[in-house]
Amino acid sequence: MTTAFQARATGGLWVCLDGVWVCVDPGPGALAHARGRALGLDPSVLDAIVLTHKHLDHSGDVNAMIEAMTQGGTKKRGRVLAPQDAYEEDPVILRYVRSYPASTELLVPGGRYVIGGDDGLVLETPLQLKHPVETYGLRFVGRQWTVGLVSCTGYMPEIETALRADLLILNVVYRDPRDEIHLAMPDARQLIGAMQPRLAILTHFGLTMLRARPWELAETLTRETGIRVLAARDRWRLDLDAELGADGQPPA
Ligand SMILES: [Zn+2]
Ligand SMILES: [Zn+2]
């Protein structure tokens, strides 16, 4: 219901590592938020658009974002990477925009994609997650930092080894466990404790999370795990060097 009420923005996230720009899960409103004054992001510099899965809250603006990345389809550039079912029956990536980017590609289990030139950013999709449609956890491997995204999924122990990263982003939908296809707070506690990132960020909140004040839940997790945990905010910019420490060292 968070999407329907727009209780939180559903614009997904942008990753910029080593000068390579990737837009992940552009949900409803993503393009307007990116272009808005608070963020001022320019889709025409994107090297890739990635969908973790086809659900509307992750893909609602994918066609608009592809158009923007390719300057209305006038510049053949950028890559689109998505699970196979995002292209097939009831496709969320419209057929007529597929000729705009330089390539449209499939995410597969164990996939490895080099984005932005031969020594560019590496995107790994080590693991298919537990969700009703084909869904992947993402791992971005930069020269200095790795960023892991545990997208929508039920808890799986395999996540703990597959998606280890300096910055770990987790889609935590429920405060209390409710189903087998989304993370709840106890799952987040288990994953963060086991994976020991430098920084963990909780996002993708359902209404039970929002009512419980995500920033307070994040503080509780910090105390319980000894790992710094933050709750994501709309239109938030995070400077990895500042947050994770320059030169691979933690901040003094
Ligand atoms: Zn989903
Ligand atoms: Zn979702």
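The values are calculated or read from the model by the stated rules, or taken from the named source; none is laboratory data. What you see is a predicted model; the values in this text were computed from it and never measured. Note that each Cβ is placed from the backbone with ideal geometry, even for glycine, and that neighbours are counted across all protein chains shown. These area figures cover heavy atoms from the full protein model, side chains too; ligands, DNA and RNA do not enter into them. Shrake-Rupley method; radii C 1.70, N 1.55, O 1.52, S 1.80 Å.
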If you find the alpha carbon centre of the range 1-43 and of the range 90-124, how far apart are they in angstrom? 18 Å
Rg and Dmax of the range 4-75, Cα atoms only, in Å: 11.5, 36
Relative to the chain, whose Cα atoms define the longest principal axis, helix 214-225 and its Cα axis are tilted in degrees, nearest 10, by 60 degrees
Ratio of Rg to Rh for the range 121-229, alpha carbon only, Kirkwood? 0.95
How high is the FRET efficiency from ARG178 to GLU216, r the C-beta distance, R0 25 Å, rounded to 0.05? 0.80
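Just the number please: accessible area per residue for the chain, 1.4 Å probe, all protein chains included, in Å².
On the way: 11400 Å² over 252 residues.
Per residue, the chain has an accessible area of 45 Å².
Please state the shape class of the range 49-147: rounded when a/c is under 1.5, otherwise prolate if a/b exceeds b/c and oblate if not, all from the C-alpha gyration tensor. Provide the component values of the computation, followed by the final result.
Working: a/c = 2.04, a/b = 1.11, b/c = 1.83.
It comes out oblate by the Cα gyration axes.
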Given charges of +1 on the Cβ of Lys and Arg and -1 on the Cβ of Asp and Glu, with all other atoms neutral, how large is the dipole of the range 14-57 about its Cα centre, in debye to the nearest 20? 180 debye
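So, counting K/R as plus one and D/E as minus one, what does the shell of residues with Cβ under 15 Å around LEU94 add up to?
Values: positive: LYS54, ARG95, ARG98; negative: ASP61, GLU67, ASP85, GLU88, GLU89, ASP90.
Its environment carries a net charge of -3.
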Taking the Cβ of ARG37 as the center, what net charge do the other residues with Cβ under 15 Å away carry, scoring Lys and Arg +1 and Asp and Glu -1? +1
Which residue fluctuates most in the GNM of the chain (Cα springs below 10 Å): ALA200, ALA30, ALA242? ALA242
Nearest 10 degrees, 0 to 90: helix 185-195 Cα axis against the chain principal axis: 90 degrees
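With a Förster radius of 41 Å, plug the Cβ-Cβ distance of GLN84 and ARG223 into 1/(1 + (r/R0)^6) and report the FRET value to the nearest 0.05. Don't skip to the answer; put the middle values down first.
Numbers: r = 42 Å, r/R0 = 1.02.
E(calc), rounded to 0.05, equals 0.45.
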Calculated [θ] (222 nm, deg cm²/dmol) that DSSP helices of n ≥ 4 give over the chain, each run adding -39,500 (n - 2.57): -5500 deg cm²/dmol
Which shape class applies to the range 171-252: rounded if a/c is under 1.5, otherwise prolate when a/b exceeds b/c and oblate if not, where a ≥ b ≥ c are the square roots of the Cα gyration tensor eigenvalues? prolate
First select every other residue whose beta carbon is under 10 angstrom from the beta carbon of LEU240; then total the charges, Lys and Arg +1, Asp and Glu -1. -3
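Using a probe of 1.4 angstrom, how much of the accessible area of the chain is carbon and sulfur, in percent?
Working: 5630 of 11400 Å².
Carbon and sulfur together cover 49 percent of it.
Can you tell me, using C-alpha contacts under 8 Å and at least 6 residues apart, the relative contact order of the chain as a whole percent? Display every interim value, and only then the final one.
Numbers: 565 pairs, mean separation 31.0, N = 252.
Relative contact order comes out at 12 percent.
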Can you give the Rg to Rh ratio for the chain, taking only C-alpha atoms and Rh from Kirkwood? 0.94
